[in-house]
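See below for the structure under consideration.
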Amino acid sequence: MRRIDFFDTTLRDGEQSAGINLNTAEKLEIARQLERLGAAVIEAGFPASSPGDFEAVQRIATTVRNSTVTGLARAVKSDIDTSWDALKGAEQPHLHVFLATSPIHMEYKLKKTPDQVVDIAVEAVKYARSKFPLVQWSAEDAFRSDPAFLVRILNEVIAAGATTVNIPDTVGYASPQEYGALFRFLKENVRGIDRVKLSAHCHDDLGMAVANSIAAIENGADQVEGTINGIGERAGNAALEEIAVALHIRKDFYNLETGIRLNEIKRTSELVSRLTGVIIQPNKAVVGKNAFAHESGIHQDGMLKNPETYEIITPELIGATKEPLALGKHSGRAAFKDRAITMGFTLSDDQLNEVFAEFKELADKKKEITEDDLFVLFTRQQLEKTETPIYDLESIQVQYGTNNVPTATVTSTNPEGETVSVATTGAGSVEAIFNTLELLVKGDVHILDYQVSSIGKGRDALGQAVVNLNFNGTQLTGRGIAQDVLEASAKAYLNAINRQLVRQSLETQKELAVETVN
Ligand code: KIV
Ligand code: ZN
């Protein structure tokens with residue numbers, strides 16, 4: 001059966017979108033899950049773009065073994081060299097090098113003639129192949145390029161050694177018929193196209209990214225690129241989980257293999273949503289929380305008589321199985337450890353002891369500890385313990401009354417390592433907290449967006465807050481989870497600030513280390 005490779009770019013094109021900023025530990029956790037999901041290629045970042053991206057790509061390249069790990073590079077030697085340093089430890093070093101080919105990009109962005117663009121692309125691919133066994137070349141804005149020019153440049157980059165060629169619809173402008181026709185045209189006209197992998201990369205500006213990716217597959221694409229939950233710049237990228245499920249459910253029509261483990265989809269989607277802070281719309285296909293909810297009486301009646309009347313995808317297919325038995329305060333360490341293993345977490349004995357103590361503390365406050373709660377505890381143990389926050393919230397107290405002025409008092413560490421308490425008022429409890437934190441944090445902070453939601457069900461469910469803010473000119477997203485949404489909100493605010501400060505302090509430490517060596 002023909003096989004379609006899934007190229008996941010959640011950590012590059014997805015992470016590139018405004019306000020998403022994952023640290024290395026979070027990226028590594030997502031990459032491990034993408035490997036479990038069965039992604040053929042994981043684009044781990046853009047190594048030359050920042051020291052943080054370089055470090056994450058390097059860590060992922062040396063950790064992931066069952067998926068090919070790649071990194072993005074511009075068609076310049078220095079980017080290719082930096083990417084090689086980041087990727088040389090990978091099982092099969094793979095580079096993704098790109099250059100724009102549409103008239104508008106060549107003239108206004110690159111300020112190059114088509115002939116110059118061909119020369120730069122060929123040079124870059126040859127140079128990349130002198131280091132990497134696998135090189136993907138992408139024609140940025142391919143869909144708006146002259147098809148005859150695309151044929152010319154693809155002929156040349158394939159002759160120069162590209163092992164994959166990618167035809168992005170960078171601005172999400174294509175219709176399925178047109179995008180499919182372009183693939184058919186390239187298949188029929190590019191020399192050597194059958195020797196390389198042909199890839200589709202679609203953006204969702206007109207809501208057609210998934211349909212366009214499938215049209216490309218129907219017309220000869222061997223690989224589809226996209227992100228989990230469709231996250232990405234502007235309207236995002238093609239949602240890989242939707243393509244995978246569509247190809248599976250309509251196997252009768254498409255007759256294709258993908259290598260994707262569908263029962264890992266739910267977990268991958270939740271992990272990406274929690275770590276990026278990008279909340280999934282409830283009616284989102286496949287992974288939205290209402291994707292399997294049947295509300296209308298007629299539908300419910302039909303479902304009771306035969307689920308297939310209205311259900312074409314089962315929750316079990318994507319791993320959204322019924323909640324296993326909840327744990328409670330009397331559950332022992334063995335049952336707890338067992339659950340961690342079944343949920344796919346590998347924790348050392350020390351980590352297990354620590355998270356078990358947190359579990360007991362939570363079990364004192366909450367009747368039942370659900371799978372969702374455990375997921376939070378285990379992930380936090382693996383991720384947040386890897387970095388010491390600059391502002392570490394010790395306590396928060398909020399006074400609110402219908403006829404009183406809301407006041408918040410926050411006790412936290414500060415960059416000088418002292419523990420300080422600050423208090424002030426606001427029009428509401430959340431504003432009082434944010435105003436107080438603004439007094440604590442040195443710098444200019446503007447809140448751009450703020451959302452609270454519950455994790456799991458029930459009145460005692462954990463609360464999650466996501467704060468998107470601008471701190472000294474950088475857009476950041478912070479997450480906080482606590483039993484109380486006000487505490488979660490304070491944590492989310494400080495988490496966003498800490499992300500920037502921890503990253504800056506790591507970069508300063510690295511620069512100092514380089515200066516010392518020199
Ligand atoms: O959308 C795009 O063109 C890209 C390229 C870098 C492949 O993301
Ligand atoms: Zn893209």
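The values are calculated or read from the model by the stated rules, or taken from the named source; none is laboratory data. Bear in mind the structure is a predicted one, so any value in this text is a computation, not a measurement. Note that each Cβ is placed from the backbone with ideal geometry, even for glycine, and that neighbours are counted across all protein chains shown. For the accessible areas, the whole protein counts, side chains as well, though only heavy atoms, and no ligand, DNA or RNA atoms are used. Shrake-Rupley method; radii C 1.70, N 1.55, O 1.52, S 1.80 Å.
The number of residues in the range 395-415 that are in contact (Cβ under 8 Å) with a residue 40 or more places away in the chain and part of a loop (DSSP other than H, G, I, E, B) comes to 1.
Of the numbered conditions (1) farther than 26 Å from D222 by Cα; (2) touching a strand residue (DSSP E or B) at 6+ places or on another chain (Cβ under 9 Å), A39 satisfies every one except a single condition; which is it? The single condition A39 does not satisfy is (1). Just one of the listed residues (G226, G172) is closer than 19 Å to S102 by Cβ and either basic (K, R) or not in a helix (DSSP H, G or I) (or both), namely G172. Answer yes if at least one residue in the range 145-162 is surrounded by 23 or more Cβ atoms within 10 Å (Cβ to Cβ), within 16 Å of ligand 2 (Cβ to nearest atom) and within 30 Å of K88 (Cα to Cα), and no otherwise. No.
The residue that is nearest to ligand 1 (Cβ to nearest atom), among those in the range 199-214 that are assigned to a helix (DSSP H, G or I) and open to solvent by less than 10 Å² (accessible area, probe 1.4 Å), is A209. Assessment of the range 131-139 against the conditions (away from ligand 2 (no atom under 16 Å from the Cβ), closer than 18 Å to A90 by Cβ and open to solvent by 50 Å² or more (accessible area, probe 1.4 Å)) yields at least one matching residue.
Counting the residues of the range 132-169 that are under 26 Å from the mean Cα position of the chain (by Cα) and on the phi > 0 side of the Ramachandran plot gives 1. Being surrounded by 18 or more Cβ atoms within 10 Å (Cβ to Cβ), modelled with pLDDT under 95 and at positive phi holds for only one residue in G277, G172, and it is G277.
When you check A216 against the structure, is it within 15 Å of ligand 2 (Cβ to nearest atom) and not basic (K, R), yes or no? When the stated conditions are applied, A216 passes them. Filtered by the rule that a residue be of a type outside the set (A, V, I, L, M) and either assigned to a loop (DSSP other than H, G, I, E, B) or within 13 Å of ligand 2 (Cβ to nearest atom) (or both), the range 229-238 gives G230, G232, E233, R234, G236, N237.
One residue is enough: does the range 13-20 have a residue meeting the conditions in contact with a helix residue (DSSP H, G or I) (Cβ under 6 Å, 6 or more places away or on another chain) and either away from ligand 2 (no atom under 14 Å from the Cβ) or touching a residue at least 60 places away in the same chain (Cβ under 8 Å) (or both)? Looking for residues that are in contact with a helix residue (DSSP H, G or I) (Cβ under 6 Å, 6 or more places away or on another chain) and either away from ligand 2 (no atom under 14 Å from the Cβ) or touching a residue at least 60 places away in the same chain (Cβ under 8 Å) (or both), one finds at least one in the range 13-20, hence yes. Note on the range 1-12: among residues that are open to solvent by 10 Å² or more (accessible area, probe 1.4 Å) and outside any strand (DSSP E or B), the one that is nearest to ligand 2 (Cβ to nearest atom) is R12. Among the residues making up the range 23-82, those that are part of a helix (DSSP H, G or I) and small (G, A, S) are A25, A31, A48, S49, G52, A56, A61, S78. Residue under question is E241, and the condition is that it be within 24 Å of the chain's Cα centre (by Cα), crowded, with 23+ Cβ neighbours inside 10 Å and away from ligand 2 (no atom under 16 Å from the Cβ); does it hold? Answer is yes for this residue. Filtered by the rule that a residue be more than 23 Å from the chain's Cα centre (by Cα) and away from ligand 1 (no atom under 15 Å from the Cβ), the range 89-119 gives P103, E107, Y108, K111, K112, T113, P114, D115, Q116, V118, D119. When the range 254-263 is filtered for residues that are at negative phi and surrounded by fewer than 20 Cβ atoms within 10 Å (Cβ to Cβ), the ones remaining, listed by number, are Y254, L256, E257, R261, N263.
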